[in-house]
Amino acid sequence: MTPDLIYGLTGVAVFGIGLVGALSAQDRLRRVLALKLCSVGAGFLLVVGAWREPPAAPDPVPHALVITGIVVMVSATAVALALIRRLQTLEATDER
């Protein structure tokens, strides 16, 4: 097995674990974390796809997409966590 195949299969496995977690989780926080796993797996696949034979340099576009995806993932996670906290606060107030 070549290293790029191992990395590609690892990316698919991480994405699959995240997808199963997002579809099966009942808790909102677990869904957010599972979607983060999906994002990490997709980024891993993009980096693996950028690999070329040693004399040639790797393709910079997928690497730029991964860096942009990391920034978007952090921002979206912060918004999702703020929304989850707000929903929990509202649900706790409704129960009183």
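No value in this document is a laboratory result; all are computed from the given coordinates. Keep in mind the model is a prediction, meaning the values are calculated, not measured.
Calculated from DSSP H runs of 4 or more alone, at -39500 (n - 2.57) each and per residue, what is the 222 nm mean residue ellipticity of the chain, nearest 500?
Helix contribution divided over all residues of the chain: -29500 deg cm²/dmol.
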Exercise for the section: For helix 28-49, report the angle its Cα long axis makes with the longest principal axis of the Cα atoms of the chain; keep it between 0 and 90° and round to the nearest 10°. Expected result: 10
Fill in the blank from the handout: Semi-axes a, b, c in Å (a largest) for the chain, each sqrt of 5 times a Cα gyration tensor eigenvalue, come to 36, 16, 5
